[in-house]
There are 2 protein chains.
Amino acid sequence: MTSQYVKVEKEAFLIDCGEATQFQLLRNNISLHKISRIFISHLHGDHFYGLPGLLSTMQMNKRTDDLHIHAPRGLDEVLLANFKNSQTVLNYRVFIYETSPNFPEIIYENDTLYVETIPLKHRVPCTGFLIKEKPKMRRIEPDKLPAGIPFEMFKQLKAGEDIVFEGELLKNEEVTLPPKHSRSYAFCSDTAYFEDIIPQIEGCDLLYHESTFTEAHKERAKETYHSTAKQAATIAQKAAVDRLLIGHFSARYKSLDPVLEEAKEVFPNTYLATENVKFCIDC
Amino acid sequence: MTSQYVKVEKEAFLIDCGEATQFQLLRNNISLHKISRIFISHLHGDHFYGLPGLLSTMQMNKRTDDLHIHAPRGLDEVLLANFKNSQTVLNYRVFIYETSPNFPEIIYENDTLYVETIPLKHRVPCTGFLIKEKPKMRRIEPDKLPAGIPFEMFKQLKAGEDIVFEGELLKNEEVTLPPKHSRSYAFCSDTAYFEDIIPQIEGCDLLYHESTFTEAHKERAKETYHSTAKQAATIAQKAAVDRLLIGHFSARYKSLDPVLEEAKEVFPNTYLATENVKFCIDC
């Protein structure tokens with residue numbers, strides 16, 4: 001089952017919500033209240049069957065904050081059928097936004113980041129999600145500034161402009177440091193090998209790419225619109241990402257060592273996204 | 001979450017199917033193939049949100065046997081909404097039978113047992129289930145029989161009849177033992193305190209009765225149509241059952257000791273139905 005909890009600054013997202021996600025969140029001491037937004041890649045059960053239960057538990061926990069859910073068409077019908085028949089009336093508002101599997105689209109942004117869909121190639125409409133911090137401001141080095149600079153000029157400096165203060169030119173690069181790195185995370189699941197995604201995820205810090213099979217079951221991967229470990233690693237390599245996480249392994253692999261090894265042969269900086277593991281970017 | 005796996009002779013039933021039931025079955029090494037029939041008490045999420053996932057996994061496991069599900073009206077709508085939107089086409093047949101919350105009804109029987117609904121008192125249509133073995137045959141004591149008795153007469157003896165063999169009267173009770181005990185299990189969840197169920201569950205070997213609260217939260221139990229431990233025990237005592245299992249505890253009780261103690265004061269032969277425990281009748 002797939003589900004990932006993504007914490008970035010003050011925001012907490014959930015990507016996919018397979019059955020029993022609420023229990024895994026509980027096990028990891030993650031408060032359901034903190035989740036403001038849920039992104040569902042596609043409507044196969046292992047990616048969203050935990051949603052009705054999660055929403056019901058949020059209700060039991062007396063949630064009042066709005067909840068925003070992005071998903072392919074049809075999720076509303078499933079949730080309504082569930083809640084109608086269980087006579088559940090939520091005491092918080094749920095907004096459901098339909099994602100398109102056909103083109104990338106910024107589906108959410110705030111002051112510091114945006115979330116963009118990544119159209120994938122699967123048996124049903126399916127998108128990944130790129131979470132990317134916006135370019136950050138340059139960082140002022142206070143020691144290098146003359147005293148008395150007015151507040152407005154700080155904004156100009158942070159934006160990269162040179163300023164003139166008391167008749168003197170202050171060159172931006174002499175009093176500021178470059179911006180901190182804008183972090184990016186790309187979630188790509190479920191998908192066949194699909195090079196179209198490469199330009200969009202190019203250079204990202206962390207790529208999660210499904211890796212249901214190994215090359216030994218390459219034909220099966222093709223039939224079912226899934227990827228092999230080698231294919232996932234090839235995408236990572238071609239997109240020149242920093243790190244690769246692989247997951248969504250077929251139950252046939254009792255040991256995941258061969259899966260990981262296969263990926264590492266192509267892209268050494270690969271890790272297994274197994275249950276309850278945590279990955280950080282710049283922390 | 002509620003779910004119980006009931007094994008009786010060659011039959012395997014599931015009663016209720018809360019979220020993550022499939023994982024608990026897996027943990028207990030129970031083959032999903034063996035489950036022929038599922039009984040859903042009511043359509044609150046904690047009793048059936050595991051069903052779409054279970055059915056999908058049965059599909060993944062290449063089930064071909066028919067599956068029979070008994071549930072209140074509306075389950076078909078929920079399952080269809082799920083499967084339509086996940087584009088799941090099951091390769092086995094699912095028969096859904098609607099239970100009535102208004103009167104007891106035999107909803108299944110085979111040669112050796114029957115299953116009867118137990119109308120309960122809850123916020124939504126809800127029934128318990130009584131699983132009861134039919135009266136068994138008397139047991140012949142071969143040592144006490146003369147040689148050469150024809151096969152047909154065995155049947156008469158098992159049915160309790162006296163026979164005449166070679167001019168001699170064989171009194172049934174001299175050559176047979178009484179039938180083995182016909183076992184019975186009553187599942188009653190979710191329900192407010194409801195004495196109407198007593199005649200139906202009277203004398204059963206094992207009663208599962210919900211016990212969401214203790215008497216300290218009696219008012220809350222009343223409002224939500226749930227029972228206290230004392231109420232569950234009172235039903236057990238009035239119905240003169242052999243053993244009582246209590247379950248469906250509110251998450252507010254960090255320790256279940258007070259819940260169990262409260263029940264035992266009224267009905268000493270009470271046990272906690274916690275995760276992964278197993279109870280046997282006559283074994």
Report the Cα centroid-to-centroid distance between region B:23-48 and region A:121-151 in angstrom, as an integer.
48
Could you tell me whether region B:53-102 comes out rounded, prolate or oblate from its Cα gyration tensor? Rule is a ≥ b ≥ c as square roots of the eigenvalues, rounded for a/c under 1.5, then prolate if a/b exceeds b/c, otherwise oblate.
oblate
Using the C-alpha atoms of the protein assembly as shown, what convex hull volume per residue, in cubic angstrom, is computed?
203
Run through region B:208-283 and list the trypsin sites (Lys or Arg not before Pro) located in a DSSP loop whose Cβ has at most 15 other Cβ atoms within 10 Å.
B:ARG252, B:LYS254, B:LYS278
Assuming R0 = 25 Å, what is the FRET efficiency of B:LYS278 and B:TYR97, from their Cβ-Cβ distance, to the nearest 0.05?
0.35
Could you give the size of the charge dipole of the protein assembly as shown about its Cα centre, using +1 on the Cβ of each K and R and -1 on the Cβ of each D and E, expressed in debye and rounded to the nearest 20?
200
By its C-alpha gyration tensor, with a ≥ b ≥ c as the square roots of the eigenvalues, how is region B:92-135 shaped: rounded for a/c under 1.5, else prolate for a/b larger than b/c, else oblate?
oblate
Rounded to the nearest 5, what % of the DSSP beta bridges within chain B are antiparallel ones?
50
Using modelled amide H (1.01 Å from N, peptide plane; none on Pro or chain starts), what sits under 5 Å from the amide H of B:LEU170, excluding residues fewer than 5 places away?
B:ILE163, B:VAL164, B:PHE165
Out of B:ASP242, B:ASP196, B:ASP257, a Gaussian network model of chain B with alpha-carbon springs under 10 Å gives the largest mean-square fluctuation to B:ASP257
How crowded by other chains is A:77-83, given as the mean number of beta carbons from other chains within 10 Å of each beta carbon?
6
What percent do you get for the relative contact order of chain B when only Cα pairs under 8 Å and 6+ apart count?
12
Could you check the simple spin-label distance between B:ARG220 and A:ALA159, using points 7 Å along Cα→Cβ, in nm with one decimal?
5.5
For the protein assembly as shown, the charge dipole (Cβ of Lys, Arg +1; Cβ of Asp, Glu -1; about the Cα centre) points to a positive end, and the Cα of B:TYR253, B:TYR5, B:THR88 closest to that extreme belongs to B:TYR253
Apply the Karplus curve 6.51 cos²θ - 1.76 cosθ + 1.60, θ = phi - 60°, to the phi angles in region B:92-107 and return the couplings in whole Hz, x for Gly and Pro.
9, 8, 10, 9, 10, 10, 8, 8, 9, x, 9, 8, x, 8, 6, 9
What 222 nm value per residue comes from the helices of chain B, counting each DSSP H run with n ≥ 4 as -39,500 (n - 2.57) and dividing by all residues, nearest 500 deg cm²/dmol?
-7000 deg cm²/dmol
With a sphere of radius 14 Å drawn around the Cβ of A:TYR97, what net charge do the other residues whose Cβ falls strictly inside it have (Lys, Arg +1; Asp, Glu -1)?
-3
Cβ charges +1 (Lys, Arg) and -1 (Asp, Glu), total dipole of region B:181-283, debye:
180
Which peptide among B:156-168, B:64-76, B:11-23 comes first, and what is the full order, when sorted by highest mean count of other Cβ atoms within 10 Å?
B:11-23, B:64-76, B:156-168
Prolate/oblate/rounded label for chain B (Cα gyration tensor, a/c 1.5):
oblate
Peptide B:49-58 - average C-beta neighbours from other chains (10 Å radius):
5
With every atom except the alpha carbons ignored, what do you get for Rg and Dmax of region A:1-86, in angstroms?
12.1, 38
Euclidean distance between Cα centres, region B:229-283 to region A:55-109, Å
37
Those trypsin sites (Lys or Arg not before Pro) from region B:83-146 that are DSSP loop and have at most 13 other Cβ neighbours within 10 Å turn out to be B:ARG93
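None of the figures in this text is laboratory data; all of them are computed from the coordinates on show. The structure displayed is predicted, hence computed values, not measured ones. No Cβ is skipped: glycine too gets one built from the backbone with ideal geometry, and neighbour counts run over all protein chains shown.
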